[in-house]
C-alpha cells in the first residue's frame, strides 16, 4: 500500500499547519505525505515557527505559505483543521478525504517579548506533536477529535 495523504488547514498557513505538516513528514514520512494550506495565507512562515521547529531538529525554513486553492481537486485521505475553533473561523474543506478538527491556539497572535512569544510557539508545537500524530497512527477515534465525513 502506498503512502496516505494528509492536508493540514488553518487560516494563515504560517505556523500551526506548517508545524503539523513538518511533524508528520519528519516522523511519519514513511506512511504519510503531509501538506498544509490556509484560507488566507500570510505569504510567509512565521520566524518563531521556524525557530521552534529547528529546536527539535526539523528545518522548515524553506517552507512557504500556501493557499488552499492550490490543493482543490487533489485527493487526500485525511484533512485536519488545526485552528482554534473558539477564536477563529476554521476553513471548510469541500474536497475529498475524511475531515477532522483539532483546535490549537494561534501562536502568531501571542504577545510579549520574543522569548515569551517563542514559549507559546513551543507549547503549540508540542501540543500538535502530542495530539495530531496519534490521529495519523491510530485513527481519529480519540476523545476530543471532531470528525465529519463527506
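The values are calculated or read from the model by the stated rules, or taken from the named source; none is laboratory data. Note that the coordinates shown come from a computational prediction; the quantities given were computed from them, not determined experimentally. Glycine also receives a Cβ, built like all others from the backbone with ideal geometry; neighbour counts cover every protein chain displayed.
A few remarks follow.
- Among residues that are surrounded by fewer than 24 Cβ atoms within 10 Å (Cβ to Cβ) and either at pLDDT 95 or above or outside any helix (DSSP H, G or I) (or both), residue 48 is included.
Let's see how each residue does on (1) in contact (Cβ under 8 Å) with a residue 40 or more places away in the chain; (2) touching a strand residue (DSSP E or B) at 6+ places or on another chain (Cβ under 7 Å); (3) farther than 19 Å from residue 117 by Cβ:
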position	(1), (2), (3)
34	no, yes, yes
52	yes, no, no
69	no, no, yes
72	no, no, yes
77	yes, yes, yes
82	yes, yes, no
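- For the stretch 5-37, the set of residues classified as part of a strand (DSSP E or B) and surrounded by fewer than 23 Cβ atoms within 10 Å (Cβ to Cβ) consists of 5, 32, 33, 35, listed by residue number.
- Being in a helix (DSSP H, G or I), more than 15 Å from the chain's Cα centre (by Cα) and surrounded by fewer than 24 Cβ atoms within 10 Å (Cβ to Cβ) holds for only one residue in 69, 61, and it is 69.
- Residues (outside any helix (DSSP H, G or I) and at negative phi) located in the stretch 98-120: 98, 99, 100, 101, 102, 103, 104, 105, 106, 110, 111, 113
- Condition broken by residue 88, with the remaining ones in (1) surrounded by 15 or more Cβ atoms within 10 Å (Cβ to Cβ); (2) touching a strand residue (DSSP E or B) at 6+ places or on another chain (Cβ under 7 Å); (3) at pLDDT below 90; (4) under 16 Å from residue 16 (Cβ atoms) satisfied: (2)
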